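Written below as structure tokens is the structure these notes are about.
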Amino acid sequence: MPPRVILLNKPYDMLCQFTDDQGRATLADVVPVKGVYPAGRLDRDSEGLVVLTDDGRLQARISDPRHKLDKTYLAQVEGTPGPQALEALSGGVVLNDGPTLPAQARMVDTPVWLWPRTPPIRVRKSIPDAWIELTLREGRNRQVRRMCAAVGLPCLRLIRWRVGDWTLDGLAPGQWREA
């Protein structure tokens, strides 16, 4: 029997787990499937693609940094990324837990498919914001947010768009489909 793979668009403010003793929103609120587990995590304040599977080997291949599976994120940042910031992100940034691997980083337009976030991000009239597309091959705790902050671009909103060959395409927040 082939492994079961589910693609979920995890909404903002949802834990990337199936249970919580504090009554917060969890994956169980939107995925009524037993026996699948997230392959990697997204923070509660991040949105986007979570791959769930019932296959432990596949779960390890997706989430273990040794396999260097590409993951693409869209980060809305405070400020305007200049060439130096994008070069720094691309070359690898030194964080408090060591240097990151090189990444692909580029400035992009606001995604046309973007859904509104509830609550909306903090907007400051005097400070512009922009979107950066980052593709990483590792997944440390809050890595994209920390990388952006390290180059002077605080992250306002973070959406994981792609994991390997799987994307969010066609999934609204809280929706899922079999891969």
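Residue-wise test of (1) more than 20 Å from D43 (Cβ to Cβ); (2) in the same structural domain as P32 (by TED's automatic domain parsing); (3) under 14 Å from the mean Cα position of the chain (by Cα).
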{"site": "N96", "(1), (2), (3)": "no, no, no"}
{"site": "V108", "(1), (2), (3)": "yes, no, no"}
{"site": "P111", "(1), (2), (3)": "no, no, no"}
{"site": "R117", "(1), (2), (3)": "no, no, no"}
{"site": "R137", "(1), (2), (3)": "no, no, yes"}
{"site": "C148", "(1), (2), (3)": "no, no, yes"}
{"site": "R157", "(1), (2), (3)": "no, no, yes"}
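Scanning region 157-179 for residues that are within 23 Å of Q143 (Cα to Cα), in contact with a Leu (Cβ under 7 Å, 6 or more places away or on another chain) and part of a loop (DSSP other than H, G, I, E, B) yields G164, L168.
Looking only at residues of region 52-94 that are assigned to a loop (DSSP other than H, G, I, E, B) and without any contact (Cβ under 8 Å) to a residue 24 or more places away in the chain, we find that the one that is farthest from the chain's Cα centre (by Cα) is G82.
Each residue in region 41-51 was checked for being in a loop (DSSP other than H, G, I, E, B) and touching a Phe, Trp or Tyr at 6+ places or on another chain (Cβ under 9 Å), and 3 of them qualify. Tell me, yes or no, whether region 50-71 has at least one residue that is in contact with a His (Cβ under 6 Å, 6 or more places away or on another chain) and of a type outside the set (G, A, S). Within region 50-71, one or more residues are in contact with a His (Cβ under 6 Å, 6 or more places away or on another chain) and of a type outside the set (G, A, S). Here is a check on your reading of the model: is S90 of a type in the set (S, T, N, Q), assigned by TED's automatic domain parsing to the domain that holds P111 and under 16 Å from L136 (Cβ atoms)? In short, yes. Candidates in region 126-179 are the residues that are among the basic types (K, R) and in contact with a strand residue (DSSP E or B) (Cβ under 8 Å, 6 or more places away or on another chain); of these, the one that is farthest from T72 (Cα to Cα) is R177. Do the conditions hold for V144, that is, is it closer than 25 Å to Q17 by Cβ, β-branched (V, I, T) and touching a Cys at 6+ places or on another chain (Cβ under 8 Å)? Considered against the rule, which asks whether it is closer than 25 Å to Q17 by Cβ, β-branched (V, I, T) and touching a Cys at 6+ places or on another chain (Cβ under 8 Å), V144 comes out as yes.
Scanning region 21-39 for residues that are of a type in the set (G, A, S) and outside any loop (DSSP other than H, G, I, E, B) yields a single hit, A28.
Of all residues in region 123-155, those satisfying the criterion of being in a strand (DSSP E or B), surrounded by fewer than 21 Cβ atoms within 10 Å (Cβ to Cβ) and not β-branched (V, I, T) are D129, A130, W131, E133. Selection of first residues in region 1-18 that are more than 18 Å from L156 (Cα to Cα) and among the aliphatic types (A, V, I, L, M) and of second residues that are at pLDDT below 95 and outside any loop (DSSP other than H, G, I, E, B), restricted to Cβ pairs under 8 Å at least 6 apart or on distinct chains, gives the following pairs, ordered by first then second residue: V5/L58.
The values are calculated or read from the model by the stated rules, or taken from the named source; none is laboratory data. From a predicted model like this one, the values you see are computed outputs, not experimental measurements. In this analysis, Cβ positions are derived from the backbone assuming ideal geometry, glycine residues included, and neighbour counts consider all displayed protein chains.
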